[in-house]
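What follows is a set of notes on a single structure, which appears directly below.
Readers should treat all values here as calculations from the given coordinates under stated rules, not as data from a laboratory. In this text, all values refer to a predicted model and were calculated from it rather than measured experimentally. Cβ placement follows ideal geometry from the backbone for every residue including glycine, while neighbour counts extend to all protein chains displayed.
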Amino acid sequence: MLKLTKNPNLTEQAYQSVKRQLLNGSFPEGSKLTEEYLSSALGISKSPVREALMRLESEGLISIEARRGAYVRKFSAKEVHDLYDVRALLEVHAVSIARITPELLEQMAGSIERMRNNLEAGDKLRHIEEDIHFHGLIAGSTGNTEFGRILGNIQQKSLLCRMATFYLSATAASASHQKIYLAMRDGDRERAQGEMRDHILFVRDTLLRSMEPEAETAASEAEDVFA
């Protein structure tokens, strides 16, 4: 972890630095994150580190418990099931109300190309950031800022899950995005909705299978919202 330069926005720098470490796997699930270690590693005081950790907790990336400290969040199979079901509901709806313009389609096509390039280069973090960007383009095209805020929060909470599924489903992501793009380009919203739903639930089910046998319990206890 690189030490940070001294400037007034240390909290933002600390947040970005720790978040990047979380997403690139430097801090595995369940790892304890102490203010002492992080402040020493970053070369700053504990105060901006504490504020950065609180922000990361609000995004669902870490958990902070009284008298125990901060830990990298570990999602249960039930939490994964619920999180991706909510994503599916929101993003299928986004496709149904998106304003499809030549500019949006051009941006979607560019995003798909960058995802492919990042995958070929083995750049895990950039690939996932581009994945999020693609979904954000569709959400942004709805023109509903409150919807975008809610979906953005869900996207943040699924970041650690996406990192876990990179080697399980990354090769299928750009292909799925391509299908969504083509359906929207053709003006076939029903097909685009189906492609979006299949894409998100495929990732969900792939991740749940990797978490077995815990996933089997979650699947039996929770009804699929699309059943």
Q. When you scan segment 105-143, how many residues do you find that are part of a loop (DSSP other than H, G, I, E, B) and closer than 20 Å to Leu22 by Cβ?
A. 2
Q: Could you list all residues from segment 49-72 that are in a helix (DSSP H, G or I) and surrounded by 19 or more Cβ atoms within 10 Å (Cβ to Cβ)?
A: Val49, Ala52, Leu53, Leu56
Q | Check on Ser169, over 18 Å from Leu89 (Cα atoms) and in contact (Cβ under 8 Å) with a residue 24 or more places away in the chain | A | yes
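For every residue, the table says whether it meets (1) in contact with a His (Cβ under 7 Å, 6 or more places away or on another chain); (2) among the polar types (S, T, N, Q).
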site	(1), (2)
Ala94	no, no
Thr101	no, yes
Glu113	no, no
Ile128	no, no
Ile132	no, no
Glu146	no, no
Arg162	no, no
Thr165	no, yes
Ser176	yes, yes
Q: Within segment 13-48, work out how many residues are touching a residue at least 40 places away in the same chain (Cβ under 8 Å), part of a helix (DSSP H, G or I) and under 23 Å from the mean Cα position of the chain (by Cα).
A: 5
(Q) I'm trying to understand the selection: among the residues of segment 91-116, which are over 11 Å from Phe134 (Cα atoms) and of a type in the set (Val, Ile, Thr)? (A) Val92, Val95, Ile97, Ile100, Thr101
